[in-house]
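Presented below is the structure to which this report refers.
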Amino acid sequence: KNIVVVISGNGSNLQAIIDQCAAGKIDGQVLAVISNNADAYGLVRAEQADISTVVLDHKAYSDRDEYDHALAATIDIFQADLVVLAGFMRILSTGFVEHFAGRLLNIHPSLLPKYKGLHTHQRAIDANDEEHGCSVHFVTAELDGGPVILQARVPVFEEDTADTLAERVQEQERQIYPLVCNWFCTGRLKMENDHAYLDNQLI
Ligand code: GRF
């Protein structure tokens, strides 16, 4: 399967996916990495793996719809079977989400439906949560609201800061995101009517 990864930053999830493709643990290949941010370190990771990179700077577009059209057109050039959002820090328009419905994944650093949006680690600490984690989900028009496919949980310790907690969560992200990508690439994972199915079982 052809995978296109869309990023804004460090790209540690991207790296995990690249590595698992190379190891044969994801039945697919990353054909391109697209970033809205020219300084994203993930672009360096892609270049080191000989993967095509495209920078699409949102500041060069007049509005979200115009940007999202350009992004969709770029992804389509690579004939993506699967579009993986990995630390892409922009909200996507409904038109974009519908165009890629059922083949658009995201990872969110919380145990959804808790803590949609930003600053999830600090919010978990502020709420004195004993547990925190990350969720891979299909993307639908509702922000961070699509059906959850897989979550990983980590403990929250008293001495945690947002940074130490983020590190613990991100270690788990690098485990679960490649696994879900492989489920998709091997045809085990599907979305129908905004519900996720693994091996035809509702998740
Ligand atoms: C991850 O924590 C992800 O959950 C969030 O942004 C971060 C991206 O990290 N959406 P990276 O760019 O994959 O290192």
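Throughout, read-outs are computed from the coordinates displayed, never taken from laboratory work. None of these values were measured; they are calculated from a predicted model. So basically every Cβ, Gly included, is an ideal-geometry build from the backbone, and we count neighbours across all protein chains shown.
Give me, ordered by chain and number, the residues 5 or more places off Ser52 or on other chains with an amide H under 5 Å from its own placed amide H.
Distant-sequence amide H within range of Ser52: Val33.
Please get the size of the charge dipole for the range 1-63, origin at its Cα centre, with Cβ charges of +1 on Lys and Arg and -1 on Asp and Glu, quoted in debye to the nearest 20. Could you put the intermediate results ahead of the total?
Numbers: 4 positive and 7 negative charges, 30 e Å.
My answer is approximately 140 debye.
For the chain, calculate the relative contact order in percent as a whole number, restricting contacts to Cα pairs under 8 Å that are 6 or more residues apart.
Relative contact order comes out at 20 percent.
Hey, in the GNM for the chain with a 10 angstrom Cα cutoff, which one of Asn193, Asn37, Asn106 fluctuates hardest?
Highest fluctuation among the options: Asn193.
Counting only helical runs of four or more DSSP H residues, what would the 222 nm mean residue ellipticity of the chain come to if each run contributes -39,500 (n - 2.57) and the total is spread over all its residues?
Calculated from helices alone, the mean residue ellipticity at 222 nm is -10500 deg cm²/dmol.
Just want the ordering: Thr120, Thr186, from fewest to most Cβ atoms lying within 10 Å of their own Cβ.
Least crowded to most crowded, the residues run Thr186, Thr120.
Could you give the length gained on full extension between Arg123 and Asn2, defined as 0.36 nm per residue of separation minus the Cα-Cα distance, in nm? Kindly include the intermediate steps, with their values, before the conclusion.
Working: separation 121, 0.36 × 121 = 43.56 nm, distance 3.59 nm.
That pair, Arg123 and Asn2, stretches by 40.0 nm at full extension.
Antiparallel as a % of all DSSP beta bridges within the chain, to the nearest 5? If you can, show how the numbers build up before the last one.
Working: 17 of 34 bridges.
Around 50 percent antiparallel, to the nearest 5.
Return one number: the angle in degrees, 0 to 90 and rounded to the nearest 10, between the long axis of the Cα atoms of helix 12-22 and the longest principal axis of the Cα atoms of the chain.
60 degrees
If you wrap the chain's Cα atoms in a convex hull and average its projection over all directions, what's the area in nm²?
Value for the chain: 11.0 nm².
For Gln175 and Ala23 in the same chain, what is the full-extension length gain: residue separation times 0.36 nm, less their Cα-Cα distance, in nm?
Taking Gln175 through Ala23 to full extension adds about 53.3 nm, to one decimal.
Show which lysines lie in cross-link reach of Lys116 when reach means a straight Cα distance below 29 angstrom and same-chain residues fewer than eight apart are skipped.
Straight-line reach from Lys116, under 29 Å: Lys59, Lys190.
Given 0.36 nm per residue, what is the gain on full extension from Glu130 to Ala101 after removing their alpha carbon distance, in nm?
Between Glu130 and Ala101, full extension yields an extra 7.0 nm.
Using the Cα atoms of the range 40-134, I'd like the radius of gyration and the largest Cα-Cα distance, Dmax, both in angstrom.
Computed over the Cα atoms of the range 40-134, radius of gyration and Dmax are 15.9, 46 Å.
Please arrange Val54, Val84 by counting, for each residue, the other beta carbons lying within 10 Å of its beta carbon, fewest first.
Starting with the residue having the fewest Cβ neighbours, the order is Val54, Val84.
Describe numerically, in nm with one decimal, the distance between label points set 7 Å from Cα along Cα→Cβ at Ile91 and at Asp63.
1.4 nm
Once Lys and Arg get +1 and Asp and Glu get -1 on their Cβ, which of Ser135, Leu85, His99 lies farthest toward the positive end of the dipole of the chain?
Value: His99.
Can you tell which of Glu159, Glu192, Glu142 shows the greatest fluctuation in a Gaussian network model of the chain with Cα springs below 10 Å?
Glu159
Considering only Cys134, Cys181, Cys21, give the residue with the highest GNM mean-square fluctuation for the chain, with springs between Cα atoms whenever their separation is below 10 Å.
Greatest mean-square fluctuation among the candidates belongs to Cys21.
Which value, in debye to the nearest 20, gives the size of the charge dipole of the chain about its Cα centre, when Lys and Arg are +1 and Asp and Glu are -1 at the Cβ?
440 debye
Could you pull out which residues in the range 99-125 have an amide N less than 16 Å from a spot 7 Å beyond the Cα of Asp163, following the Cα-Cβ vector?
Zone members listed by number: 121-122.
Quick one: order Glu158, Glu130 by neighbouring beta-carbon count within 10 Å, fewest to most. Before the final figure, lay out each step's value.
Details: Glu158 6, Glu130 10.
Listing Glu158, Glu130 from fewest to most nearby Cβ atoms yields Glu158, Glu130.
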